[in-house]
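FYI, it's all coordinate maths here, none of it is from the lab. The shown structure was predicted, so the numbers you read here are calculated from the model rather than taken from an experiment. Methodologically, a virtual Cβ is constructed for each residue, glycine included, from the backbone with ideal geometry; neighbour enumeration extends over all protein chains shown.
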Amino acid sequence: MDITLSQCFIAVDDHDKALPFYRDVLGLEVRNDVGFEGMRWVTVGSPSQPDVEIVLEPPLADPNASPADKEAMAELLAKGLLRGVIFRTDDVDATFERIRAAGAEVLQEPMDQPYGVRDCAFRDPAGNMLRFSRPRGH
């Protein structure tokens, strides 16, 4: 059995703020941007990984959710507690400088971690934590 990753999801509260970040700052390509069942279905991905997409979805992509549930999810998103993604990069320091120069909120400057990677971290416009790493020694 061969199992591979196809899609992962990141909650965003505003596609029009998220898209420029993921497309222009991170350099991901927009693969889909369509209306779907009263919502907006947006996927982005790295040109070097054509089979893997990140779905930028509303915090609670359930049209039957209660207003209280929607509010709770929005609060979790604002605190950066919903999801995170770790990207691999060839040059953590250069990636850090490019993303910082674009105005993203820095959570962690580049550093060597005891578990064998050099990484840094930012928040996207919705508050999600994004890490950028490279195995040390590569």
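Listed values, structure above:
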| read-out | value |
| --- | --- |
| Unmet requirement for Thr4, which otherwise passes all of (1) touching a residue at least 40 places away in the same chain (Cβ under 8 Å); (2) part of a helix (DSSP H, G or I); (3) hydroxyl-bearing (Ser, Thr, Tyr) | (2) |
| Of residues in region 103-124 being surrounded by fewer than 19 Cβ atoms within 10 Å (Cβ to Cβ) and among the acidic types (Asp, Glu), the one farthest from Ile10 (Cα to Cα) | Asp112 |
| Complete set of residues in region 74-123 that are assigned to a loop (DSSP other than H, G, I, E, B), without any contact (Cβ under 8 Å) to a residue 40 or more places away in the chain and under 15 Å from the mean Cα position of the chain (by Cα) | Leu81 |
| When residues of region 13-29 are limited to those that are part of a helix (DSSP H, G or I) and in contact with a Pro (Cβ under 7 Å, 6 or more places away or on another chain), the one surrounded by the most Cβ atoms within 10 Å (Cβ to Cβ) | Phe21 |
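Residue by residue, here is whether (1) in a helix (DSSP H, G or I); (2) within 26 Å of Ala94 (Cβ to Cβ); (3) in contact (Cβ under 8 Å) with a residue 12 or more places away in the chain holds:
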site	(1), (2), (3)
Arg31	no, yes, yes
Pro50	no, yes, no
Ala68	yes, no, no
Ala72	yes, no, no
